[in-house]
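The values are calculated or read from the model by the stated rules, or taken from the named source; none is laboratory data. What you see is a predicted model; the values in this text were computed from it and never measured. Glycine also receives a Cβ, built like all others from the backbone with ideal geometry; neighbour counts cover every protein chain displayed. Accessible surface areas use protein heavy atoms only, side chains included; no ligands, DNA or RNA. Shrake-Rupley method; radii C 1.70, N 1.55, O 1.52, S 1.80 Å.
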Amino acid sequence: MTDILLCHAYFLKNDVIERRVMKPYPPLGILYLSAYLKRAGFDVEVFDATFRDPQDFQETVRRIRPRIVGIYANVITRDNVFRLAKIAKANGVEFVVCGGPDAPEWAELYLQSGIDIIGTNEGERTLEELIPWLHDRGMSGLEDVPGILFMKNGRPWRTPPRPVITDLDSLPWPDRDVLVMEDYFKAWKSRHGQRSVSLITARGCPFHCALCSSEVFGHSHRQRSAQNVVDEMMMLQAKYKPDIMWISDDVLTINRKWSLQFFDEVKRRGAQHQFECLSRVDLVDLDILRGLKESGCFRIWYGAESGSQKVLDSMTKGTTVEQVRRAARVTQEMGMQAWFFVLLGYPEETTADIRKTIDLLKETKPDVFGTSVAFPMKGTAF
């Protein structure tokens, strides 16, 4: 019998905006879990919801009959998570475990909606301990398992946090073999004429932006070695022959020393390949931007957020409008695209502040900017 079925609850067909954008990527989080647990000897199945629907999930549960289902949850998939949990329980699943940034902050709601246990930190070592525990002892004695939440005496009970994984090179790469990667490539090619793959080089973010959740990885910053990252990049190039790559770290260039090592490693091994990434306007200079460009970077996303210093300070971004101007200018002068995230509707924002943002966009002329409306997530300072 399958030890655990891992899944997420994002269904592309229900996302009107993403169907228009059509840049889907595999769920690297549960793919890391799958690879880790398989290496530890567990029998693992993965249900990738992206191109499927809840009926497919029900058929999968009935076919493989897992005792445990693990679901990744975030704020936009919460209702689907509850739906999948209900399907799982109705089809004989004994335990539903949930991880991700949303569940710990809404623990009572999740635990009343079919979820038995919530993971509060990284999932690899927690599931490695939890799977045999549930098989042998069920829900008894869970107070001794760090890094989880469960219902005790009618209230959510949180155990002490589990220490973070410091040696990320010790983790196997994501288990992409369980996916139909061609589905992602077809989606990309249908709209953009390109194939794209994603990877991640680090966990955690040391910054304290008021609107950002750090529930899963925390404010530590842990990075894979440059050699390990380039090894994976070269494997992806050889196996999938992508046109571009997406390095999906929250901020790629946090560690300047590591960044320079990464650029050197790419150059030494001839691993240059077109990629896009995210960075911060205060973490790029001529050397960093030159290294990114020479490594294959063609596009950098920046969290510009606002043209008003007052609003940036309110968000505790730690950046200045002048840094936004300079990052955009130098990035484009280096021959790369500068794409901006812009956030509207932050509480202190006035019409005059919005005008400053419009003026900044007219002045800096980012290649693309995307707007979103400020959304206060539970557990953040916002």
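Hey, with R₀ at 35 Å, roughly what FRET efficiency would Q55 and D136 work out to, going by the Cβ-Cβ distance, to 0.05?
Using R0 = 35 Å, I get an efficiency of 0.60.
Could you calculate the contour length gain from T166 to M181, that is, 0.36 nm times the residue separation minus the distance between their Cα atoms, to one decimal place in nm?
The span from T166 to M181 would gain 2.5 nm if fully extended.
Between K365 and V75, what FRET efficiency follows from the Cβ-Cβ distance if R0 is 30 Å, with the result rounded to 0.05?
Between K365 and V75 the formula returns 0.40.
Once a ≥ b ≥ c are taken as the square roots of the eigenvalues of the Cα gyration tensor of the range 228-282, is the result rounded (a/c under 1.5), prolate (a/b larger than b/c) or oblate (a/b not larger than b/c)?
Because a/c hits 1.5 or more and a/b fails to exceed b/c, the range 228-282 counts as oblate.
Say we join alpha carbon atoms closer than 10 Å with springs in a Gaussian network model of the chain; which of P27, P132, P172 then has the biggest fluctuation?
P132
In terms of modelled amide H atoms, which long-range or inter-chain residues lie less than 5 Å from the amide H of M377?
Under 5 Å from the amide H of M377: no residue qualifies.
At what distance in nm do the modelled label points of H192 and R222 sit from each other, each positioned 7 Å from its Cα along Cα→Cβ?
A separation of 2.9 nm, rounded to one decimal place.
Of the beta bridges DSSP finds with both residues in the chain, what % are antiparallel, to the nearest 5?
That works out to approximately 20 percent antiparallel.
Treat each spin label as a single point 7 Å out from the Cα along the C-beta direction, and report the W173 to H208 distance in nm.
About 3.7 nm separates the two model spin labels.
Under a 5 Å amide H to amide H cut-off, with H placed in plane at 1.01 Å, what residues pair with K152 once short-range neighbours are removed?
W157
Most mobile of V229, V197, V75 per a Gaussian network model of the chain (Cα springs, under 10 Å)?
V75
At a 1.4 Å probe, what is the % contribution of carbon and sulfur to the accessible area of the range 238-372?
52
FRET efficiency for K267 and E18, Cβ-Cβ distance as r, R0 = 41 Å, nearest 0.05?
On the way: r = 35 Å, r/R0 = 0.86.
It comes out at approximately 0.70.
Write down the accessible area per residue of the chain in Å², having rolled a 1.4 Å probe over the full set of protein chains. Show your work: numbers first, answer last.
Working: 17070 Å² over 382 residues.
The answer is 45 Å² per residue.
Across the chain, what fraction of all alpha-carbon pairs, as a whole percent, falls in each successive 20 Å bin from zero upward?
Calculated over all Cα pairs of the chain, the distribution is 26, 58, 16, 0 percent.
Of the DSSP beta bridges with both residues in the range 18-154, give the percent that are antiparallel, rounding to the nearest 5.
Antiparallel bridges: around 30 percent, rounded to the nearest 5.
Taking θ = phi - 60°, what integer Hz values does the Karplus form 6.51 cos²θ - 1.76 cosθ + 1.60 yield along the range 165-171, in sequence order, with x for Gly and Pro?
Values, residue by residue: 7, 8, 9, 5, 5, 6, 8 Hz.
Amide H of Q194: which non-local residues (sequence gap of 5 or more, or other chain) have their own amide H closer than 5 Å, using H built in the peptide plane?
Under 5 Å from the amide H of Q194: K189.
Given the range 309-382 reduced to its alpha-carbon atoms as identical point scatterers, what log10 I(q)/I(0) does the Debye formula return at q = 0.14, 0.16 Å⁻¹?
Each listed q maps to, in turn, -0.48, -0.62.
Send over the per residue convex hull volume for the range 92-208, Cα only, as a whole number of Å³. Intermediate values should be presented prior to the final figure.
Details: hull volume 22.3 nm³, N = 117.
For the range 92-208, the hull spanned by Cα atoms encloses 190 Å³ per residue.
Using Cα pairs closer than 8 Å and at least 6 residues apart in sequence, work out the relative contact order for the range 196-341, in percent. The partial results should precede the final answer.
Values: 232 pairs, mean separation 33.3, N = 146.
Averaging sequence separation for qualifying contacts and normalising by length gives 23 percent for the range 196-341.
What distance in nm separates the two pseudo spin-label positions at K257 and A238, each 7 Å out from Cα along the beta-carbon direction?
Label-label distance for K257 and A238, simple model: 3.1 nm.
Tally Lys and Arg at +1 and Asp and Glu at -1 over the other residues with C-beta under 11 Å from the C-beta of W188: what net charge comes out?
My count for the surroundings of W188 gives +2.
Can you run phi through the Karplus equation (6.51, -1.76, 1.60; θ = phi - 60°) for the range 121-133 and list ³J(HN,Hα) in whole Hz, with x for Gly and Pro?
10, 4, x, 4, 6, 5, 5, 4, 7, 6, 4, x, 4
Output ³J(HN,Hα) for the range 21-33: one whole-Hz value per residue in order, computed from phi by the Karplus curve 6.51 cos²θ - 1.76 cosθ + 1.60 with θ = phi - 60°, and x for Gly and Pro.
Taking θ as phi minus 60°, the curve returns 6, 6, 10, x, 10, x, x, 4, x, 6, 6, 5, 4 Hz for the range 21-33.
What cysteines in the chain have no other cysteine with a beta carbon less than 4.7 Å from their beta carbon?
C7, C98, C205, C277, C297
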